[in-house]
Structures are given as structure tokens and as C-alpha cells.
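What follows is a single structure, written as C-alpha cells, with notes after it.
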Amino acid sequence: MRVLLVGGGGREHALALGLADDPSVEMLVAAPGNPGIASVAELREVDTADPAAVAALAVELRAELVVIGPEAPLVAGVADAVRAKGIAVFGPSAEAARLEGSKTFAKEIMTAAGVPTARAHTCTDPQSAAEALDDFGPPYVVKNDGLAAGKGVVVTDDRAIALEHARECGRVVIEEYLSGPEVSLFVVTDGEAAVPLLPAQDFKRVGDGDTGPNTGGMGAYAPLPWAPPDLVDEVMTDVVHPTLAQMRHRGIPFAGLLYVGLALTAAGPRVIEFNARFGDPETQVVLALLETPLAGLLHAAATGTLAAHPPLRWRDGAAVTVVVAAEGYPAKPRTGDVITGADRAGVIHAGTRRDADGTLRSAGGRVLCGTATGPDLAAARDAAYALVRGIELAGAHHRSDIAAAAVESRIAVPD
Ligand code: AMP
């Protein structure tokens, strides 16, 4: 299979490793890719937000499968443009990607589908925002209505900060606070058939103990030793299938990766958000455990043949990834610093670039991830931190508690 992978972050590096490992893949090109991806794929320059440019590249490469990693190209209509050329594409249409691109649209679908989620109000002016905040009380949850790369949400006990975020964003969704451990569940779907991957947990706050501002994600692990055994079945029945049915009913079937972000509350699992693509950094750990060839799975979803795909096979054990972030991330990341120790198996590149002389430098807020598997979570965690300790980058920081609570059995689902 000839495969074009669109994107150039940590998620795409993890996808590239999975695709390159699939014996059916005879060509793998990544656009734009990154220096880590370059070790398993040919890199091509492209404006990933330009549907016509990506479609033209897919045609030129005679691609048989295009895999779109990030949300921005999906919302821009890249999947539609590639599909219009008769090429199989893993990723939803622009219209279906609104499940991620618009929090209001996602709420509307969830309500129509009867999916359990937080009660919410969409607000466009300070007066209605203040009323919504007072309706729910603290902690306040204020979400930018548009795409915000995982950074548009403010959760705070401070009403003034909540109001200020609402004012800055203009159009926001203000919702009820959901209390309970969070789970990320990835579901591969062709619009009708749906296959869940292993549930994972990520760490959104920048600091240890879930302190500091929200980020794109500072680490992740899978599987979840504390998750109820029927969790995935319950989410498929109560959330995924009703949502996919509602999308079909509206004539905008969702095919690609449905990311379900959940809080396991005392009242049961509640959807925090939908995303229209693999999550970063959970992809790094979930794909590290997937034994089933990745390209075949994504191709089945892209061609409406997922129902005939064999059941997934998983490696035993666990996986952990720890993000190494640039100084100043998330507020004002410093880039351009020299990196050493990154050329080892398990080091995933997220925001890096290589000079002509081969020097590796930071080029984004989240720079690298140390990703490792092990026979159990504790072993995987030790191995991931060993990778991180081997990386040198001036001013870099990482969380020291990724997967720690799970290893120490300190996570409980409220009942
Ligand atoms: P989102 O971009 O919607 O995933 O939100 C980012 C993070 O904010 C989530 O991973 C949660 O940690 C937190 N969050 C969002 N919505 C809620 C909510 N209703 N209750 C509690 N925490 C939330």
C-alpha cells in the first residue's frame, strides 16, 4: 500500500512508526513530517491546511491511503478534497469534523443522540456568560467554541478569571463541572462499524499534581488498570453508536477516528469532549501496544469495510509516554535550542527541526516524548523516564508524575 501521512507532530511520529511497521506498506511519505519521522518515511513539504495542495500531492504520489493526523486540515476540508480524487482517506469530512471544531455543534449532536454529557450553555456576551457561571457555580468550566489546539478551556474557581476568558473568546460554551478520573477512548470507524482501541489517560495540566494551566497534553499511559471492566462496552453502547447514528441521520456520517474524552463521574461516564482525530500524546501509548497492522485497519475504516476487519490484537503489558516541553510552555515556549540524546528508539519527535549540519533543535512547545512499553505499568513508566533523563535541552521541563497514581493504585472511580 502507498501511504501519505499528513502532519508533523508527536502523534504523526507515532502513526508513522505504526504505518512503517505494517508489512503491507510499500511507500510511506509524510508531509511535512519532522526529523523523527524522517527515519521511517520520506518527507515532503506541503501546506497541510490547503486541501487542493494535499490532494495534488496524494495524486502525484499515487497514494492508496491518506492518513490525516491533526484537526486543522480536517476542519479545512482536506479529507473531502482527497476523497474527491478517488483516494481512500482516513479522516472525517469537514462537516463531520465539526464534532471537534465546534463545541456547540458537539453538544447539539450529543443532546439529540441522548449521550450523557455535562449540561451546558453557549454564550456570546458577558451578561449571558455571567448568568451561566452562576447557574452552575464553581468550579467554572469555560470553553472557547472554536478550535484551540487543546488550550481553549479554562477550569477555575475564580469567577473573574472565568468571565475574562469568556470575554476574550467571544463565543464560549459554559458547562457543569464533571468530577471523576478522565479517560480517552479512541474509536476507529467507517461511519457505521466502530472498533474501540485501548482506553488511555492523558495529563492536561502543565504541572505535577494537575497544577498550572492546561496544555496540549504532558504525558499518557495505557491501559488503565483501574478502569471498570465494562467501561468500553458501556461507552460504545451509550456514546459511540448513538453519536454515529445521529451523524448518519443528519447525512454527515463520521468516518475516521472518533476520540471520546470522558469523565468517570459518580453518575457514570460523561463525555467531556469529542475530537475528530487521534489524541496527542495518547496515540503514542495506544499504538505502542497495537499488534494489528495499522495501515490495514485505517484502510478498512477509509473504505467502509471495517465490519469485515479481524478483531484487534494487543501486546501484553503497558505503555507510558512523558512529554518534554520547551522552557516557557504553554504560555510562551522558547524554540531554537539544541537537543541531544534524542536519537534513540522510543523518543518521539513532536516539535523539532534539523539544521543543514544535522544539529537537532526545538521548534515547538512540546518538543519530544519519551515513550516506552514494559511488562507492567511500573516498568513502562521507569523505562519512559529513563528515556527522558537521557534528553538534553536547555530550560526543558516535564511532569514527574505521569502514571504515578495508577502505578500506586491511587485512582478510584466514584460510586
Ligand atoms: P477539552 O478541550 O474539552 O478536552 O477540555 C480540556 C480539559 O479541561 C479536559 O481534559 C478536562 O480536564 C477539563 N474539562 C473540560 N470540561 C470539563 C468539565 N465539564 N468538567 C471538568 N473538567 C473539564
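Within region 108-141, the residues that satisfy the criterion of being part of a loop (DSSP other than H, G, I, E, B), more than 28 Å from residue 237 (Cα to Cα) and more than 9 Å from the ligand (Cβ to nearest atom) are 124, 125, 137, 138.
The numbered conditions (1) closer than 16 Å to residue 14 by Cβ; (2) hydroxyl-bearing (Ser, Thr, Tyr); (3) out of contact with any strand residue (DSSP E or B) (no Cβ under 8 Å at 6 or more places or on another chain) are all true for residue 305 except (1). Among the residues of region 373-383, not a single one is among the polar types (S, T, N, Q) and part of a loop (DSSP other than H, G, I, E, B). In region 193-219, what residues are within 12 Å of the ligand (Cβ to nearest atom) and small (Gly, Ala, Ser)? Hits for region 193-219 are 216, 217. Only one of the numbered conditions (1) surrounded by fewer than 23 Cβ atoms within 10 Å (Cβ to Cβ); (2) under 15 Å from the mean Cα position of the chain (by Cα) is not met by residue 80, and that is (2). Scanning region 217-231 for residues that are in contact with a helix residue (DSSP H, G or I) (Cβ under 9 Å, 6 or more places away or on another chain) and either under 16 Å from residue 156 (Cβ atoms) or of a type outside the set (A, V, I, L, M) (or both) yields 217, 219, 221, 223, 225, 226, 228. When each of 94, 72 is tested for being in contact with a Ser or Thr (Cβ under 8 Å, 6 or more places away or on another chain) and on the phi < 0 side of the Ramachandran plot, the lone residue that passes is 72.
Would a scan of region 257-269 turn up a residue that is under 20 Å from the mean Cα position of the chain (by Cα), part of a loop (DSSP other than H, G, I, E, B) and of a type in the set (Phe, Trp, Tyr)?
The answer is no; no qualifying residue exists.
All conditions in (1) within 16 Å of the ligand (Cβ to nearest atom); (2) hydrophobic (A, V, I, L, M, F, W, C); (3) buried (at least 19 other Cβ atoms within 10 Å of the Cβ) hold for residue 266, with the sole exception of (3).
Here the strands (runs of 3 or more DSSP E) wholly within region 162-240 that include at least 3 residues being touching a residue at least 40 places away in the same chain (Cβ under 8 Å) and either out of contact with any Gly (no Cβ under 7 Å at 6 or more places or on another chain) or crowded, with 22+ Cβ neighbours inside 10 Å (or both) are 172-175, 182-189, 194-196, 219-222. Checked against the criterion of being more than 26 Å from residue 252 (Cα to Cα), surrounded by fewer than 17 Cβ atoms within 10 Å (Cβ to Cβ) and within 21 Å of the chain's Cα centre (by Cα), region 128-141 contains not a single residue that satisfies it.
Does residue 93 fit the bill of being more than 22 Å from residue 254 (Cβ to Cβ), assigned to a loop (DSSP other than H, G, I, E, B) and hydroxyl-bearing (Ser, Thr, Tyr)? Criteria not met by residue 93. Criterion first (touching a Gly at 6+ places or on another chain (Cβ under 8 Å) and not charged (D, E, K, R)) does residue 341 satisfy it? So residue 341 passes the test. Of all residues in region 360-372, those satisfying the criterion of being touching a strand residue (DSSP E or B) at 6+ places or on another chain (Cβ under 6 Å) and either assigned to a helix (DSSP H, G or I) or surrounded by fewer than 22 Cβ atoms within 10 Å (Cβ to Cβ) (or both) are 361, 363. Can you go through 286, 260 and tell me which one is under 26 Å from residue 365 (Cβ atoms), of a type outside the set (Phe, Trp, Tyr), touching a Phe, Trp or Tyr at 6+ places or on another chain (Cβ under 7 Å) and away from the ligand (no atom under 16 Å from the Cβ)? Answer to the selection: 286.
Within region 142-172, take every residue that is within 9 Å of the ligand (Cβ to nearest atom) and under 24 Å from residue 278 (Cβ atoms) and give me the one that is modelled with the lowest pLDDT. Looking at residues that are within 9 Å of the ligand (Cβ to nearest atom) and under 24 Å from residue 278 (Cβ atoms), I get 150.
Kindly establish whether residue 339 is touching a residue at least 12 places away in the same chain (Cβ under 8 Å), within 18 Å of the chain's Cα centre (by Cα) and either closer than 12 Å to residue 9 by Cα or part of a strand (DSSP E or B) (or both). Steps first, please.
Values: touching a residue at least 12 places away in the same chain (Cβ under 8 Å): yes; within 18 Å of the chain's Cα centre (by Cα): no; either closer than 12 Å to residue 9 by Cα or part of a strand (DSSP E or B) (or both): yes.
No; evaluated as a whole, the condition is false for this residue.
For region 336-350, the set of residues classified as touching a Leu at 6+ places or on another chain (Cβ under 8 Å) and of a type in the set (Gly, Ala, Ser) consists of 342, 346, 350, listed by residue number.
Which of the residues that make up region 14-57 are part of a strand (DSSP E or B) and of a type in the set (D, E, K, R)? Break it down stepwise before answering.
As a first pass, look at region 14-57 and keep what is part of a strand (DSSP E or B): 27-32, 42-43.
Residue satisfying the conditions is 42 alone.
The values are calculated or read from the model by the stated rules, or taken from the named source; none is laboratory data. These numbers come from a predicted model, not from an experiment. Note that we place each Cβ from the backbone using ideal geometry, even for glycine, and neighbour counts take in every protein chain shown.
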